[in-house]
1. Computing the accessible area with a 1.4 Å probe over protein heavy atoms, can you report the carbon and sulfur percentage for the stretch A:134-279?
2. Just name one of B:H30, B:A121, B:A174: the one whose Cα is farthest towards the positive end of the charge dipole of chain B (beta-carbon charges, Lys/Arg +1, Asp/Glu -1).
3. Using r as the Cβ-Cβ distance of B:A394 and A:R228, and R0 as 56 Å, what FRET efficiency do you calculate, to the nearest 0.05?
4. With +1 on the Cβ of every Lys and Arg and -1 on the Cβ of every Asp and Glu, and nothing else charged, how large is the dipole of the stretch A:424-481 about its Cα centre, in debye rounded to the nearest 20?
5. Could you give me the ³J(HN,Hα) list for the stretch A:109-126, computed from phi with Karplus coefficients 6.51, -1.76, 1.60 and θ = phi - 60°, whole Hz, x at Gly and Pro?
6. Using packing as a proxy for protection, rank B:353-360, A:95-102 so that the peptide with the highest average count of other Cβ atoms within 10 Å comes first.
7. Charges on Cβ only, +1 for Lys and Arg, -1 for Asp and Glu, centred on the Cα centroid of chain B; of B:A45, B:S223, B:G194, which one is farthest towards the dipole's positive end?
8. Hey, if we sort B:R146, A:R363 by accessible area with the 1.4 Å probe, largest down, what's the order?
Amino acid sequence: MAVIRGSSGDWEVVIGLEVHAQVISKAKLFSGAATDFGAEPNTQVSPIDAAFPGMLPVINRYCVEQAVKTGLGINAEINLVSVFDRKNYFYADLPAGYQISQYTRPIVGKGKIRLDLADGSTRDIGITRLHLEQDAGKSLHDQHATLTYVDLNRAGVALMEIVSEPDLRSAEEAGAYLRKLRSILRYLGTCDGNMEEGSLRCDCNVSVRRPGAPLGTRCEIKNVNSIRYVMQAIEHEARRQVELLEEGGAVEQETRLFDAGKGITRPMRSKEHAHDYRYFPDPDLLPLRLDANWVEALKRSLPELPDAKKARFIEQYRLSPDDAGVLVAEQASADYFEAVARGRDAKLAANWVMVELYGALNRLGLGIEGSPVSAAGLGELVDLVIDGTVSGRLAKEVFAAMIETGKGAAFLVEERGLKQVTDSGAIESAIAAVLAAQGDKVAEYRAGKEKLFGFFVGQVMKATQGKANPALLNELLRKKLAG
Amino acid sequence: MSALTQLTIAEARAGLRGRQFSARELAEAHIAAVAAARPLNAFLAETPERALAMADAADQRLQRGEARAMEGIPLAIKDLFCTEGVLTTAGSRILDGFKPPYESTVTAKLWAAGAVMLGKANMDEFAMGSSNVTCAHGAVENPWRRRGDNRPLVPGGSSGGSAAAVAARAAIAATGTDTGGSIRQPASFCGIVGMKPTYGRCSRWGIVAFASSLDQAGPMTRSVRDAAIMLGAMAGHDPKDSTSAPVPVPDFEAALTGDIRGLKIGVPHEYRLDGMPAEIEALWQRGIDWVKAAGAEPVEISLPMTKYALPAYYIIAPAEASSNLARYDGVRFGLRVPGGSLDEMYENTRAAGFGAEVRRRVLIGTYVLSAGYYDAYYLKAQQVRTLVARDFGAAFQRCDVLLTPTAPSAAFAIGEKQDDPIAMYLNDVFTVPVNLAGLPGISVPAGLAADGLPLGLQVIGRAFDEATVLRVAEIIETAAGFTAKPAFLAGGG
């Protein structure tokens, strides 16, 4: 638990997050219109999304399934009866003048998410609820000097609002929570977690208090769009509140915005819009009733999720919790690792994936899906290392060439003549040549300067362009030097 | 003037199939009648060309022997129904010039059954009213007059244009919508049949919403049989409306057996209001005697929550309306009055676009949903609604249908009750509980008041039991032998 040291003592930060996750679905929540990102403005809009007179919403069954899957993935209660409400407010990009959301009876109730902390320990963060709601459209203020343009492509797209308990105690924990949530959503295929495209957005509720004291007054920081910004916003906001309190001031409950350029939070301007949303049940929609058997069937169909996979990796592959945690963060990485590890030394496989592969992908700015080397390709290389065809050192060279050319490991070893020399005759003649050229060093060694052994190894390796099998080389060299 | 405008749907159907006249002749007679009815201000848009094109298509079908249920029948369509490419304003300035790019499910079903569109019928703005005085484009006149009194009367509302058009023989039938009595009360005021089906029986898709949990489309006709025929063409499950009921549509016309022997007819004693005109009381008693004579058994029943129904309705309906009408903001369609800021544009547009009654209800609705008032008003009203529905449920343990007056008075003069919204709201006292409970109800013309104005009786049934409601209604229709005609007949006498 992180503590802020103020001039008057320690303060504890209390954080709760509200995440808006865009549901992966080809069609919107209530209209059947398409949801493709980046389409021309107002091309993915049905009369229902534009709230034309007499238009009625019909719930998209697939979006409900996605929400239930997500609920199951965060170990939450699924409410077999939930209700859609109207949240009323006027804005140009909210066509109906209300957003269809869920207020008193959400589709998913209490759940929890397990955080993997830096020290290797874990901590469970409570989930208050998850509900389904529509997204609004987008107001474009930069298209015209005096007019605002409205793009309704996003209007009506399904969102899951996932609300955490105020269980988080630091910016780092908030970051870990978001990473874990995003990982679960991606495993489930219910949200792509892409924060740049806005498919995952976060509101942060932040307050500070003396350790153990009752909760302080909170501020809500709206619509932060990257994990880094969430952490920065929380850091800044917590310090701002501590400073305010230590100066004898009081925190005012308000909505704030994060200014990423300056790294600070500031109050939202339009205070006159203190909304009374006048929630009431949407009379166009009947209560949503789920069949318990259908929910059970969904539960059985869930993929193995990060926590379970991590435990299995530790157990099955004898990986450290840290390594297992890294490998399971993304389903594709975990799958990749398992494909490499299958039938091979798992630790060696993990090492190759986490060090060489991740290093190369990082340099190239690629995700695992875009890797130029397939899992089978890397497996082939690992096999060559294990059976001694190529040395560990030269294997790295081979791997770099694989990344660069996309060619296979065996082919490259052959093409570039990187095959390990295991022929004792060839190594012996290289040793003989080196020892002959370094007569005085041989004498020094024989006189007791044994650390010169490494020097001879280096020279022989150099003479064989690094291809000599190191174990064989050591053995033969020791024999020769012994005279 | 033509005898063709005197026909009921059933009669026109027989005439068309028997080649006594063509759908085109029938349409032409009604197009002329619609024009002749202009003094009533019953239509907001006339669509004669479309009517003729539809009639010609109907004639081809008739020739091929492929006539459908409503083949060639000319209808007036309440302006609350979105009609593709045809002006649809809900009687409001805020929808000035709005031509929907889609057709409501109910009208689409009517066209698919062969019906012919004469035009769009005037109505109270956004269906909020019981008089058709709140129309943005001028009041509708009732074709009836009091005996010896030439003052124009209201047709009732909100489906007043529809009722006036059907009563004046400008349309054989019309669509209406009923949120708190908007089909049945104008039917009663204009001497025609008006049926509100069970909530969920007809799709609301494409009908401009007033109060979504109460709105329901239904037929307005000159006979009970016509109501049965037309409802059959309008009804049915629609996957585009989540509140539409996935239940089969029976053959309503086949339910008109003329036999109600053994049925129990509930008579709710809470509907005997203080100060209700004696002639309405007397008419009600006649209705009871008629069903008894036909072999049914009247039973006195109690609906104790009745007195709370109207106040609850006037909380729930405005609450939903305040939200439903938020989309009329000047941004995407209809009227826009510019302003210096977005909020100013909203204010200017909505102030200019909405009439006084709509503004009143939007304000009431906004108020009852506000933080701090929600529990006391909206939530309480919803509880009352549940209790009202329970009352009916208990009543239907003891009887098969209920028989009541439709409205506590006959049509009143334009201008009367205008300055007293509460008196105006009382028009709906017998009809509103039916909407709150989501039940089917029909108004049948049953007699004339002393001043010569029509009065209706209402039959209320169990949910999705329109068949029994229609059967009992037909008995009353036959017994009443209502043949009186209004003073103004656009289609000639």
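The values are calculated or read from the model by the stated rules, or taken from the named source; none is laboratory data. Worth saying up front: this structure is predicted, and the values here are computed from it rather than measured. As a convention, Cβ positions derive from the backbone with ideal geometry for all residues, glycine included, and neighbour counts pool all protein chains shown. Side chains included, ligands, DNA and RNA excluded: accessible areas come from the protein's heavy atoms. Shrake-Rupley method; radii C 1.70, N 1.55, O 1.52, S 1.80 Å.
1. Carbon plus sulfur share of accessible area: 47 percent.
2. Towards the positive end, the residue furthest out is B:H30.
3. 0.30
4. 60 debye
5. Rounded to whole hertz, the list is x, 5, x, 7, 10, 8, 8, 9, 8, 4, 7, x, 7, 10, 8, 8, 10, x.
6. Working: B:353-360: 19.2, A:95-102: 22.5.
Output ranking for B:353-360, A:95-102: A:95-102, B:353-360.
7. B:S223
8. A:R363, B:R146
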